[in-house]
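Right, one structure below, let's go through it.
The values are calculated or read from the model by the stated rules, or taken from the named source; none is laboratory data. What you are looking at is a predicted structure, and each value in this text was computed from that prediction instead of being measured. Because the Cβ atoms are built from the backbone with ideal geometry, glycine has one as well, and the counts that use them run over all protein chains shown.
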Ligand code: SF4
Ligand code: SF4
């Protein structure tokens, strides 16, 4: 049985916070609000007080604990590596247990736990797209024609596909003998919003002769429910994925979404011994491609005369796992790309799972700093490795009238590779 850790399970880590304040300088929320309750030290103190029964779950406590992107920047810089993002997520689960889920949390749990409902909603959204949305200039996304619950009218959204990616492709795509077999865990972002990224993934693996399995019955990894504190939904989705993924004999389970990668590779790993093989086999697409000689193959292609200036944004869920070099390695090797590093590439974009839904104003303020850094770099495109970041980056760029586009690195890779029969 999949079991997420409880707040009590983090007592030792909570007690390792020495209140030095080193985390203050690295928290994107503190950076825009400058309030102690927003920084890791304050949240850990709150979690400790909840454990000791010294505070009740009054509105101020709930507000402070909701003001966290779960980005892990504080833990990266903490001398004792206190995992604030895990502690806050566990505190949110405790709150949901005692007070019930918020309205939005209930919606997330209801939809994510029912893949058929998700498919139906996505297809309806895709079919009614022109009625519901208007297209932004330069095709840089959509905006709602009228306000909707939890979605502001000034937010840039990607189009929802009327035909999800997993319905477009066969379950098995055979490669060459002696090449590995990988399972493609698509995640919801690629399945419903960015199917072109899924197509690009398949093109890259076909180029290497890899066999790809795309199980039809895979479910959401559960990360949005982690952010909402919806314990049962996360545990149910983990079990559903364990059963869907374990049916296939593969060398690796490959993701092209940073959040899915952290869900399967890190969070599932903590949920029980039965997830150990699944988590160990989970690998980010660029780690896989780098390990299988793609940078060398790309370097052999002739460089384009007119190269496009591209910078890279580190998704938090990869940065906190130490995956920072491989995506850059592929980007730098692309013949049509001139890679430029932007300032603070590793700072959170401001999405933070459901954070940008509850705290859109703060999310925009954090995103504005990222948009300014993209502009400073002089890049025309910002590439990343996470559908959620692509969406947030484009929203931030559009608010800043930056004119750049956010893309997945795989889309650029697909442009560089030859079309194979
Ligand atoms: S979380 Fe870490 S960096 Fe922040 S106050 Fe505690 S010990 Fe210091
Ligand atoms: S996880 Fe991110 S947002 Fe949350 S306290 Fe740490 S640095 Fe701040």
In the range 299-411, which helices (runs of 4 or more DSSP H) lie fully inside it and hold 3 or more residues that are away from ligand 1 (no atom under 16 Å from the Cβ) and modelled with pLDDT of 95 or more?
316-319, 325-333, 360-377, 387-399
Out of the residues in the range 9-46 meeting the condition of being over 20 Å from residue 81 (Cβ atoms) and not in a loop (DSSP other than H, G, I, E, B), tell me which one is nearest to ligand 2 (Cβ to nearest atom).
38
Here the residues within the range 305-363 that are in contact with a strand residue (DSSP E or B) (Cβ under 7 Å, 6 or more places away or on another chain) and under 21 Å from residue 157 (Cα atoms) are 312, 313, 315
Among the candidates 161, 181, 211, 186, single out the residue that is within 20 Å of the chain's Cα centre (by Cα), at pLDDT 95 or above and more than 21 Å from residue 355 (Cα to Cα).
186
Conditions (1) part of a loop (DSSP other than H, G, I, E, B); (2) buried (at least 17 other Cβ atoms within 10 Å of the Cβ); number of the one not met by residue 418
(2)
Out of the residues in the range 47-73 that are part of a helix (DSSP H, G or I) and within 21 Å of residue 388 (Cα to Cα), state the one that is nearest to ligand 1 (Cβ to nearest atom).
73
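Per-residue answers, yes or no, for (1) over 17 Å from the mean Cα position of the chain (by Cα); (2) away from ligand 2 (no atom under 16 Å from the Cβ):
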{"residue": "252", "(1), (2)": "yes, yes"}
{"residue": "259", "(1), (2)": "no, no"}
{"residue": "289", "(1), (2)": "yes, yes"}
{"residue": "295", "(1), (2)": "yes, yes"}
{"residue": "307", "(1), (2)": "yes, yes"}
{"residue": "312", "(1), (2)": "no, yes"}
{"residue": "320", "(1), (2)": "no, no"}
What number goes with the only condition from (1) surrounded by 24 or more Cβ atoms within 10 Å (Cβ to Cβ); (2) assigned to a helix (DSSP H, G or I) that residue 232 does not pass?
(1)
Can you find a residue in the range 95-114 that is within 15 Å of ligand 1 (Cβ to nearest atom), assigned to a helix (DSSP H, G or I) and either assigned by TED's automatic domain parsing to the domain that holds residue 187 or under 23 Å from the mean Cα position of the chain (by Cα) (or both)?
no
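Rundown of residues vs (1) away from ligand 2 (no atom under 15 Å from the Cβ); (2) free of Cβ contacts under 8 Å to residues at least 60 places away in the same chain; (3) surrounded by 13 or more Cβ atoms within 10 Å (Cβ to Cβ), yes/no style:
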position	(1), (2), (3)
58	yes, yes, no
64	no, yes, yes
97	yes, no, yes
121	yes, yes, yes
I'd like to verify a number: residues in the range 23-36 that are in contact (Cβ under 8 Å) with a residue 40 or more places away in the chain, surrounded by 15 or more Cβ atoms within 10 Å (Cβ to Cβ) and within 16 Å of ligand 1 (Cβ to nearest atom), how many?
6
Residues in the range 276-286: is at least one assigned to a helix (DSSP H, G or I), crowded, with 24+ Cβ neighbours inside 10 Å and out of contact with any strand residue (DSSP E or B) (no Cβ under 9 Å at 6 or more places or on another chain)?
yes
Give just the number: which of (1) touching a helix residue (DSSP H, G or I) at 6+ places or on another chain (Cβ under 6 Å); (2) more than 16 Å from ligand 1 (Cβ to nearest atom); (3) under 27 Å from residue 272 (Cα atoms) does residue 10 not satisfy?
(2)
